[in-house]
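Single-structure report; data block below.
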Amino acid sequence: VSCQHGDSFLTKKQTGQSQYNKESFAQMIKTAVIPCEIKFSLFSLFICATIVVSSLLFRAHNVVILSESTALDLHAFASIPGPKSNLRSNTETQWGWRGRSGMGAAAAGGSSDGVAVCLLIRDDNDRLPEWLAYHYQMLPLLHLVVAVDPGGAHSPRRILDRWAGSNMRITLWENETDYLPPRQIRSMKCDAVSPSRRRALCHLPRQRHFIKKCLQYHKKNGRRWIAFIDTDEFIVFNRAHHDETDLAEIRAERRPPIIPTSGGEVTVLDYIDGRAQQGDPPWGPSDNPCVVLPRLRFGAVESDPQMVYNGTGILGNSTAGAVRPADPAALDTLRFRHHAARGAARPNKYRKYDPNSFGKPLVDLSRVPAESLEKLPLGPHSPIPQCKDFGLNGSYRTSLLRVHHYLGSRERYFGRKGDTRRNDEKFDRDATLSDGEDDDIRPWFQNFVKEAGNVRAKELLAEG
């Protein structure tokens, strides 16, 4: 049996082999369109019947989860359409719909390892679907460690379940014991301290231990680029804009001066590897394995609906007879376009407060010795000591990448219960930020829907 299929769900490994996932195969069965040229022999009919029966059997399962100590190579499960469910803490799985076919590192001839992320989450399930989809499209995010803050009320596992079947490798630490030493847990006594002291005595120590364990985990598994971003932060290419001062000088200094759009046609990893292969790495000949990406704060100023839907392929509330993948007005990256002044060009009103302060690090873990990861890091803005040498704010003027930091709506902002860092004063301070508008991130949505299809995109982007 020789098969061909034009659907983007048909993934191609670096070996040149192809595979179907369960959604694309099920759709073929449902519509009775099997794109195969079959030599009608008894043997061929037997093979086709075997494939159909096997696929239907696998559809009864959802997720494969193996303990961290399991010696099996999870990449061997990438071809299984629907692995079975067995959720438990300190577990690892492959979640997703397919590989990065048609784009991404493997297609572009670069590294196929993807980018890894360390994420400590607390009741941000409403933000998580968009964050996962965007970074899978853009980085690509293929290795994710998620730790659940015990102060939260909701586990993210139901959202992560949606990614069953892809080459995204996820490790879920649902209990503190998965990443905190028992002595540290006993010493914190979080239930006995007041809410005002809980951040200093509980959250920050927990965060530092998580970062240490996560770095060691990624190092052990041979990951290279590690990003430290929260669910309200999105990595984009740092293209120059007319609202920047000294635009000509900035374009001349930024490495490189011509930067792709943030749509996923060229991923971050593709671009980094491509420049390095040309002997011109984006950050120059630096020995520092830490690159601090500057942040840009987005407020809660609403845009005209026409601007929100622009470039998404969706016209307002109309579905044009097709399945509506998501409402752009429900996605922070499309809904909120107004931001603080860029980089160092900040108006005087920010003199006592910098809405863009403290960049987020991207670490080349291949250049960090394992023994140097034994000490507790300072925090998410400086996970390794070399980040301090780079500068904790990063360089907006010259950086290849930046991090969009979204405040979100009032409802979403206060959706995280018991977080003493969030209050009305801070929300009102940032909500009115509007020193410019930015649509650099917008292309990701339409490209993601094109890759996944309307039905799968709707499933993955549904609110948690």
Residue selected from the stretch 332-352 under the condition open to solvent by less than 60 Å² (accessible area, probe 1.4 Å) and part of a loop (DSSP other than H, G, I, E, B), by the criterion modelled with the lowest pLDDT: A345
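Here is a yes/no grid of residues against (1) touching a helix residue (DSSP H, G or I) at 6+ places or on another chain (Cβ under 7 Å); (2) under 26 Å from D113 (Cα atoms):
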| residue | (1), (2) |
| --- | --- |
| I159 | yes, yes |
| G165 | yes, yes |
| W173 | no, yes |
| H203 | no, no |
| A240 | yes, no |
When residues of the stretch 157-187 are filtered for being part of a loop (DSSP other than H, G, I, E, B) and either touching a Lys or Arg at 6+ places or on another chain (Cβ under 9 Å) or more than 23 Å from L376 (Cα to Cα) (or both), how many remain? 8
Scan of the stretch 164-217 for residues that are open to solvent by less than 30 Å² (accessible area, probe 1.4 Å), at pLDDT 95 or above and out of contact with any strand residue (DSSP E or B) (no Cβ under 9 Å at 6 or more places or on another chain), ordered by number: H209
For residues that are in contact with a Pro (Cβ under 9 Å, 6 or more places away or on another chain) and basic (K, R), scanning just the stretch 397-430, find the one that is farthest from A240 (Cα to Cα). R429
Test D389 against the stated conditions and say whether it is farther than 26 Å from L334 by Cβ, of a type in the set (D, E, K, R) and in a helix (DSSP H, G or I). yes
Evaluate the following for Y134: is it among the hydroxyl-bearing types (S, T, Y), surrounded by 19 or more Cβ atoms within 10 Å (Cβ to Cβ) and over 27 Å from L331 (Cβ atoms)? no
Any residue in the stretch 284-312 that's closer than 20 Å to G274 by Cα and part of a loop (DSSP other than H, G, I, E, B): show its pairings with residues that are of a type in the set (F, W, Y) and open to solvent by 50 Å² or more (accessible area, probe 1.4 Å) at Cβ separation under 7 Å, as long as the two are six or more apart or on different chains. N288/F390
From the list V236, V266, which one is touching a Lys or Arg at 6+ places or on another chain (Cβ under 8 Å), of a type in the set (A, V, I, L, M, F, W, C), crowded, with 16+ Cβ neighbours inside 10 Å and modelled with pLDDT of 85 or more? V236
Could you say whether any residue in the stretch 310-331 is open to solvent by less than 10 Å² (accessible area, probe 1.4 Å), β-branched (V, I, T) and modelled with pLDDT of 95 or more? no
Residues that are under 24 Å from R342 (Cβ atoms), in contact with a strand residue (DSSP E or B) (Cβ under 6 Å, 6 or more places away or on another chain) and part of a loop (DSSP other than H, G, I, E, B), drawn from the stretch 358-386: G359
Tell me which residues, restricted to the stretch 381-401, are within 22 Å of the chain's Cα centre (by Cα) and surrounded by 20 or more Cβ atoms within 10 Å (Cβ to Cβ). S382, P383, I384, C387, G394, Y396, S399, L400, L401
Please return the ranges of helices (runs of 4 or more DSSP H) entirely within the stretch 404-464 where 2 or more residues are surrounded by fewer than 15 Cβ atoms within 10 Å (Cβ to Cβ). 410-413, 424-431
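The values are calculated or read from the model by the stated rules, or taken from the named source; none is laboratory data. Computed from a prediction, not measured in an experiment: that's the story for all the values here. Every residue, glycine as well, gets a Cβ built from its backbone with ideal geometry; the counts of neighbours run over all protein chains shown. Accessible surface is based on the protein model in full, side chains and every heavy atom, while ligands, DNA and RNA are left aside. Shrake-Rupley method; radii C 1.70, N 1.55, O 1.52, S 1.80 Å.
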